[in-house]
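The block underneath contains the structure these notes are about, expressed in structure tokens.
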Amino acid sequence: MDLEKRGKMYIDGVWVEAESGAARTIIYPYDQREIATVTEGDRVDARKAIAAARRAFDSGPWRQTSAAERGKMLEELARLVERDKEELARLESLDTAKTFEESKVDMDDIAGIFRYFGGLADKDSGEMIASPIPNTVSRVVREPVGVCGQISPWNYPLLQASWKMAPALAAGNTIVMKPSEGTPLTTIKITELAEEVGYPPGVVNLVLGPGPTVGNELAANHDVDLISFTGGIATGMHIMQAASGNMKRVAFELGGKNPNIVFADAEFDLAVDYALNAVYFHAGQVCSAGARLLVEDSIHDKFVEAVKARAAKIKLGEAFDPSTECGPLISEEHRAKVEHYVELAKKEGATLILGGKRPDDPALQKGFFYEPTIFIDCTNEMRIVQEEHFGPVLTVERFASEEQAVEWANSTIYGLSGAVWSKDQNKAERVAAALRMGTVWINDFNIYFAQAPWGGYKQSGIGRELGKQGLEEYTEVKHIYQNIATEPLNWFGAS
Ligand code: NAD
């Protein structure tokens, strides 16, 4: 991705401008500097990409590739990600202002994801079924779903895109990818790498542009067989409605309000360390952020003091400055949302003990920075506790018993992830079993990897990404039944 040139869309194996000629400026959230210009598509461009993906699926050479070949192509893509890791990480940090170190870790993870699904591509050999009918053979095979629309968010632009691209291509689907309109740079670059790998035209398509037009077209178009979306719940609801027109499959990774439950018998220093990471990593712009801390009564004050002392020292700054621990929020609009929740918390009676404002440092005034913030005296009904604010704001609730902690933890509409900290193995397992969440960490936080499924209970999502379940999401299940009898059954009119 050459930042000097306008970023284009990739449709049917060709790099193209939007038909309308429209363009969008991409800014660096650290100082609002313009870093790139990209073409801005609309429905017309999305339709072209969908038509190309449809043709490539229905009649192109792609359907004839073996699972082993598809696996090799993904392994090659992993190799290219590693080769261009520095460039990809640089683009990601420019687009999101997350630290360069963090972006490099993301790129390692992304290479791992392509490699994992590359390895998984040829491992499914179907399943024989014990047919209850004599003289028959019954088996189950998995086939690609078809044309997949894929819509990704801005917080982990390429990581989230890779969770979708890798399994879809491993299973033999064709894709139309739409990154978040403000953070398209690494998705453009990965499409260049896919071109280098040599996917046939129409297999990998990239469209750029706004959600309500380009994204909605992917959700609504009847030539799309599956729509995979990562983003907010409200957008997910729009997409679900739009997708109902042809009953296309939906796969959703939505928000989270993830409880971090610390019992008095937890390993204190470890739990403090991870509580900080859980909420302030990437300025809290993480779907699984541990923005809700539930601390057992007897250690509450000491624990809060320890978290506060370290949170006060978090170094905000520029993505490429090695001393930076935390960057800004993604946009002015998003910072306004976080500020709205902070005001709401004050009105609801929570006590602010840290932050709650923009930093005074003159060097940070052009970015969308917000100070690490802590509220104590939070109660379970407060909106700041129940709703996702997606910022560096920690709420602390004081609990008295295991039952109360579980009840509060489960009380939101979300069910993405949660954590429990205790040296009592039985208690930790009891709580893990009781939490209605797709991922539960015991004595850890925010760990994921390609091999394990990721997704939410309740309104945090539908389906799973990653793991073998993430591949299955992109397959149809076909039962093939064969009659091997030689004698007729004499159904009608035989006598
Ligand atoms: P968003 O819902 O605003 O946008 C996500 C994507 O949807 C973007 O590409 C956007 O252009 C597109 N979009 C917007 N309106 C659309 C419409 N009407 N039809 C089709 N597409 C549309 O979300 P965001 O602000 O980019 O991301 C933050 C949200 O994503 C948070 O809620 C976060 O929790 C969630 N998230 C979840 C996970 C997970 O794994 N569960 C991971 C990352 C982010």
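The values are calculated or read from the model by the stated rules, or taken from the named source; none is laboratory data. Predicted model, so just to flag it, every value in this text is computed and none were measured. Methodologically, a virtual Cβ is constructed for each residue, glycine included, from the backbone with ideal geometry; neighbour enumeration extends over all protein chains shown.
Given the structure, is Tyr30 out of contact with any Lys or Arg (no Cβ under 7 Å at 6 or more places or on another chain), among the aromatic types (Phe, Trp, Tyr), buried (at least 21 other Cβ atoms within 10 Å of the Cβ) and over 15 Å from Ala194 (Cα atoms)? Yes, satisfied. Number of residues in the stretch 240-261 that are more than 7 Å from the ligand (Cβ to nearest atom), assigned to a loop (DSSP other than H, G, I, E, B) and surrounded by 22 or more Cβ atoms within 10 Å (Cβ to Cβ): the value is 3. Looking at (1) closer than 15 Å to Leu208 by Cβ; (2) part of a helix (DSSP H, G or I), can you tell me which one Val38 breaks? Only one criterion in (1) closer than 15 Å to Leu208 by Cβ; (2) part of a helix (DSSP H, G or I) is unmet by Val38, namely (2). What do you reckon, is Val431 within 30 Å of Ala251 (Cα to Cα), part of a helix (DSSP H, G or I) and either in contact with a helix residue (DSSP H, G or I) (Cβ under 8 Å, 6 or more places away or on another chain) or at pLDDT below 95 (or both)? So Val431 fits the description; yes.
For Glu397, the requirement of being out of contact with any Pro (no Cβ under 7 Å at 6 or more places or on another chain) and over 29 Å from Gly236 (Cα atoms) is met. Of the residues making up the stretch 454-493, just one is in contact with a helix residue (DSSP H, G or I) (Cβ under 7 Å, 6 or more places away or on another chain) and small (Gly, Ala, Ser), namely Gly470. Entry remark, the stretch 439-482: residues being part of a strand (DSSP E or B) and within 16 Å of the ligand (Cβ to nearest atom) number 7 in total. Here Ser411 passes the criteria (1) in contact (Cβ under 8 Å) with a residue 60 or more places away in the chain; (2) farther than 30 Å from Ala121 by Cα except the one numbered (1). Listed here are the helices (runs of 4 or more DSSP H) enclosed by the stretch 323-417 that have at least 2 residues being touching a Gly at 6+ places or on another chain (Cβ under 7 Å): 332-348. Scanning the stretch 447-485 for residues that are surrounded by fewer than 15 Cβ atoms within 10 Å (Cβ to Cβ) and without any contact (Cβ under 8 Å) to a residue 24 or more places away in the chain returns Ile447, Ala452.
Screening Gly41 on (1) more than 30 Å from Asp124 (Cα to Cα); (2) surrounded by fewer than 21 Cβ atoms within 10 Å (Cβ to Cβ) shows it passes everything except condition (2). Being away from the ligand (no atom under 16 Å from the Cβ), of a type in the set (Lys, Arg) and surrounded by fewer than 23 Cβ atoms within 10 Å (Cβ to Cβ): is that true of Arg383 here? When the stated conditions are applied, Arg383 does not pass them.
Criterion applied to Val295, Val286, Val272, Val279 was being in contact with a Gly (Cβ under 7 Å, 6 or more places away or on another chain) and not hydroxyl-bearing (Ser, Thr, Tyr), and the one residue passing it is Val279. Contact annotation: no residue pair with Cβ atoms under 9 Å, 6 or more positions apart or on different chains, pairs a residue in the stretch 102-115 that is outside the structural domain of Leu159 (by TED's automatic domain parsing) and without any contact (Cβ under 8 Å) to a residue 12 or more places away in the chain with a partner that is surrounded by 21 or more Cβ atoms within 10 Å (Cβ to Cβ) and of a type outside the set (A, V, I, L, M, F, W, C). If we keep just the residues of the stretch 330-356 that are touching a strand residue (DSSP E or B) at 6+ places or on another chain (Cβ under 9 Å) and within 16 Å of the ligand (Cβ to nearest atom), which is farthest from Ala312 (Cα to Cα)? In this case the residue turns out to be Ser331. Screening the candidates Arg47, Arg6, Arg79 for the property of being surrounded by fewer than 21 Cβ atoms within 10 Å (Cβ to Cβ) and touching a residue at least 40 places away in the same chain (Cβ under 8 Å) yields one hit, Arg47. Screening the stretch 163-199 for residues that are of a type in the set (D, E, K, R) and surrounded by fewer than 24 Cβ atoms within 10 Å (Cβ to Cβ) and picking the one that is nearest to Arg54 (Cα to Cα) gives Glu195. Pairs linking a residue in the stretch 318-332 that is without any contact (Cβ under 8 Å) to a residue 40 or more places away in the chain to a residue that is in a loop (DSSP other than H, G, I, E, B), with Cβ atoms under 8 Å and 6 or more positions apart or on different chains, are Ser323/Lys315; Ser323/Gly317; Glu332/Phe368.
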